[in-house]
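Read the structure below first, then the notes.
What follows is calculated from the coordinates using simple rules that are stated; it is not laboratory data. Just so it is clear, the structure is predicted and the values come from calculations on it, not from any experiment. With ideal geometry, Cβ positions are generated from the backbone for all residues, glycine too; neighbour counts draw on all protein chains shown.
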């Protein structure tokens, strides 16, 4: 049994590495963002100011259909995307791809904004609203109602359901224990107890449905982001003189094969794009399920709100992590074992001492916990699509139980399966984006035309 498990772990690890490290896969994901950017007329630039106004609630109508506000929808989606990738993923990209990987993470974020706009606009367009006002939406409903592809829709929902137990649950629970372990090493000796407490807290949140999840996420996400960004800002202030040189190093390693070698630039592209897409999840189809619950009758509005996700996740939080690692020189220390979250913790600790390690530990724990509660909603929407409303409560109970298991059990196999199902979610989602890009373009043009006509004084938004 042990030998079979080891074989399965090794095989699944190879497959996950092939899927995430394959140049064709990454080119398709990044290429879709480039295509949508051009087709939609650089909506991520032209609509950015208006998207910020929408998040502030400036143009919200409480009478619109939906369950949560624009800000709560963004917070819920961000609580899933802002996670271990922002701490461990950035460090992995830099340790394996060099400092230049950070620039390619920026590229994925920029094009990913157009991808998020498209997939979330479609989620609002084709969502279902029950007689009790409960909302269900996401790529499976886009495929079902927009393209009449029921089997493909079920395929997406199946992959998302499995992914919710892995990348959205057990691996995150394990990351919470790791994060707390930076502060209190003895926590790892009582992982079951930590898992039980975490499962209790998760259950309190997710059994209340999307409104409670959104309420908690809208409180946790700003707090955890400010804590982490504040700690990173302190490090960067201490190393302000090194920032120009760090930026030059990032650009040089990303684009100059004569300075660092063609292979080094290739690795920067590979790891930067892979970790960037893994972090902001643009094109994977997860966050449209959260945005579908937004209170609005204008699909384009929620698409504009959604495109802030890659901006905040990658261009802000991942950038802070990457700059701290580069300006402190942690990536070049050559110490064994300094990969992933350990590299980030070392970079913070080298400037802020124990407080720096605390920022990383608390940040990792909060990021991972928030990911769990958001992914529970993605999973229960998938369970509802596949098996009906009766499956939602059993799903939530099983999901809560798996938090306990994930906190205390070695998870390499789970990581591998999560990576596989996570990337497989993208395939049917990208198909819908390619086939319905024209519809989104028409919706966008109609929305902004009406906006300019009805509010000429705000044309520049």
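What is the calculated FRET efficiency for residue 251 to residue 355, with r their C-beta to C-beta distance and R₀ = 51 Å, to the nearest 0.05?
0.95
Rounded to the nearest angstrom and listed largest first, the equivalent-ellipsoid semi-axes of region 57-129 from its Cα gyration tensor are 33, 14, 11. Remark on region 44-174: Rg and Dmax equal 17.5, 53 Å (Cα only).
Using Cα pairs closer than 8 Å and at least 6 residues apart in sequence, work out the relative contact order for the chain, in percent. Rounded, it is 36 percent for the chain. With the gyration tensor restricted to C-alpha atoms of the chain, the semi-axes of the equivalent ellipsoid amount to 32, 27, 22 Å, longest first.
In the chain, the calculated helix contribution to ellipticity at 222 nm averages -24000 deg cm²/dmol per residue, counting -39,500 (n - 2.57) for every DSSP H run with n ≥ 4. Given their separation in residues at 0.36 nm each and the Cα-Cα distance between them, residue 454 and residue 442 gain 2.5 nm when the chain is fully extended. Computed with the Debye formula from one identical point scatterer per Cα of region 146-249, without solvent, the log10 of I(q)/I(0) at q = 0.10, 0.12, 0.16, 0.18 Å⁻¹ comes to -0.53, -0.71, -0.98, -1.06.
Cα convex hull, region 288-447: 180 Å³ per residue, rounded to a whole number. Here the alpha carbons of region 1-94 define both size measures, Rg and Dmax, at 20.1, 59 Å. Between region 251-330 and region 22-93, what is the C-alpha centre distance in whole Å? So the separation of the two Cα centres works out to 10 Å.
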